[in-house]
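In what follows, a structure is listed as structure tokens, so that the remarks can point back to it.
The values are calculated or read from the model by the stated rules, or taken from the named source; none is laboratory data. Quick caveat: nothing in here was measured; it's all calculated off a predicted structure. FYI the Cβ positions are ideal-geometry reconstructions off the backbone, even for glycines, and counts take in every protein chain you see.
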Amino acid sequence: MGVPTPIYLDHAATTPVRPEVVAAMLPYFTTYFGNASCTYELGKASREGLDRAREQVAAVLGCRPREVTFTAGGTEADNLAILGVARALSGRGRHIVTSAIEHHAVLYTCRALSEDGWRITELPVDAHGRVNPADVEEAITDDTVLVTIMHANNEVGTVQPIAEIGRVTRRRGVLFHTDAVQGFAHVPTPVDELGVDLLSLSGHKFHGPKGVGALYVRKGVRLSPIQFGGKQERGLRPSTENVAGIVGMGMAAELAAAEMDTEVARQTALRDHLIARLLALPDTRLNGHPTLRLPNNVNVSAAGVEGEALNLRMGMHGIGTSTGSACTTGSPTPSHVLTAMGVREPWLSGNLRLTLGRQTTLADVDRAAELYAQIVTALRQASPTYRERCTS
Ligand code: PLP
């Protein structure tokens with residue numbers, strides 16, 4: 001096997017910054033370097049950059065620009081949503097409903113609150129990784145102040161019934177946060193139709209820069225800051241604004257929205273082609289929902305192989321993939337997402353995530369499928385337990 005040009009199939013981990021985005025950012029490092037809080041021209045130029053980015057992000061969410069608070073990434077947006085509601089509403093109740101398959105930015109924030117005496121309900125999911133809205137309804141009590149359920153899962157790509165859950169939370173008068181870090185600017189996330197009060201997003205997942213994100217906060221929602229300092233972002237997120245990063249994220253959001261329809265169709269076709277090719281190999285299975293999944297997400301398990309060994313070999317042959325969320329790569333513990341979905345061995349440890357992007361071609365996915373088949377076959381030949389299983 002020769003080493004071909006590297007192929008990047010790990011867009012759920014991060015994405016390359018688009019050249020148009022870099023071009024939009026550059027003047028804010030040099031010409032317009034001013035602090036956006038300053039009143040002279042340089043400060044005004046930075047302020048205008050922030051205002052434009054806020055409008056660009058708001059346009060994709062279908063909300064008012066004032067409802068967008070910039071943060072230093074998706075993790076910070078999740079923390080601000082959950083801890084901010086908890087601080088603001090602890091007098092009303094001390095119960096939060098979430099799901100067992102959330103990103104750790106949500107799950108560990110909720111678990112930190114449980115150490116402070118909060119009651120946290122982690123809802124189960126079905127075999128495809130979906131939360132049942134009826135379970136949400138049942139979990140809500142008089143003490144519940146927040147429901148936080150992710151929009152789409154970062155490992156298996158399953159998209160949740162957010163609008164249905166939104167109808168439940170509205171009816172029950174409980175705030176609803178969704179972590180839309182994986183879906184925002186990839187698929188439509190109109191906040192009114194989804195019925196969410198808070199939504200997190202992150203620039204580096206849609207060809208913007210790293211270290212910048214945003215939290216949508218519906219007008220009228222009571223949220224306390226969790227960091228203290230200046231008056232930036234209406235006091236909700238103090239610290240001198242990362243103007244260049246925010247400008248870049250705004251531009252990336254606008255560009256992604258303009259090509260969303262064509263990219264969704266193109267990537268869905270590539271995704272389904274890749275899934276069909278990977279599943280053509282015996283003893284393989286798809287993780288996540290067959291259709292209600294992000295257009296760019298493929299997550300498959302092969303019996304008789306270790307996902308991490310497979311992932312390393314894919315990388316050695318120039319194909320960037322992952323076994324799940326980047327934060328847990330290399331960790332010996334099995335994925336909490338697959339475990340919650342009821343995935344058992346031999347599928348649990350044999351999974352690989354391949355996530356496509358706007359530059360991914362048919363030739364890329366065909367090459368990945370070819371290599372996958374070769375590596376899985378080689379690993380299985382080297383595995384006495386797999387050979388035994390096939391001959392018994
Ligand atoms: N939430 C989800 C679903 C994610 O996939 C990620 C990143 O992988 C995050 C939150 C954290 O975002 P960030 O890396 O911007 O902190």
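Within the set of pairs 6+ apart or on separate chains, which have a first residue in segment 297-316 that is free of Cβ contacts under 8 Å to residues at least 60 places away in the same chain and not assigned by TED's automatic domain parsing to the domain that holds M341, a second that is in a strand (DSSP E or B) and of a type in the set (D, E, K, R), and C-beta atoms under 8 Å apart?
Close Cβ pairs satisfying both conditions: none exist.
Could you check A86 against (1) within 16 Å of the ligand (Cβ to nearest atom); (2) of a type outside the set (K, R); (3) buried (at least 21 other Cβ atoms within 10 Å of the Cβ); (4) in a helix (DSSP H, G or I) and say which number it fails?
Just one mismatch for A86, condition (1).
Mind telling me which of the residues S37, S46 ends up being loosely packed, with under 15 Cβ neighbours inside 10 Å and either not β-branched (V, I, T) or not in a loop (DSSP other than H, G, I, E, B) (or both)?
S37
Can you name every residue in segment 122-136 that is surrounded by 19 or more Cβ atoms within 10 Å (Cβ to Cβ) and over 18 Å from G342 (Cβ atoms)?
P133, V136
When residues of segment 227-250 are filtered for being closer than 24 Å to L194 by Cβ and modelled with pLDDT of 95 or more, how many remain?
The number of residues fulfilling the criteria is 6.
Does segment 127-138 include one or more residues that are among the hydrophobic types (A, V, I, L, M, F, W, C), part of a helix (DSSP H, G or I) and either more than 19 Å from the chain's Cα centre (by Cα) or at pLDDT 95 or above (or both)?
yes
Mind listing just one residue for me: the one in segment 354-392 that is at pLDDT below 95 and among the β-branched types (V, I, T) and, of those, farthest from the chain's Cα centre (by Cα)?
T391
One line per residue, one yes/no per condition, for (1) touching a residue at least 60 places away in the same chain (Cβ under 8 Å); (2) assigned by TED's automatic domain parsing to the domain that holds P190; (3) within 16 Å of the ligand (Cβ to nearest atom):
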position	(1), (2), (3)
V68	yes, yes, yes
G74	yes, yes, yes
E102	yes, yes, yes
L113	no, yes, no
W118	no, yes, no
P124	yes, yes, no
H128	yes, yes, no
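For H204, state whether it is within 16 Å of the ligand (Cβ to nearest atom), in a helix (DSSP H, G or I) and in contact (Cβ under 8 Å) with a residue 24 or more places away in the chain.
yes
Could you list, in sequence order, the residues of segment 145-173 that are of a type in the set (A, V, I, L, M, F, W, C), outside any helix (DSSP H, G or I) and free of Cβ contacts under 8 Å to residues at least 60 places away in the same chain?
Result: V147, I149, M150.
Test V17 against the stated conditions and say whether it is touching a Pro at 6+ places or on another chain (Cβ under 8 Å) and outside any helix (DSSP H, G or I).
Answer is yes for this residue.
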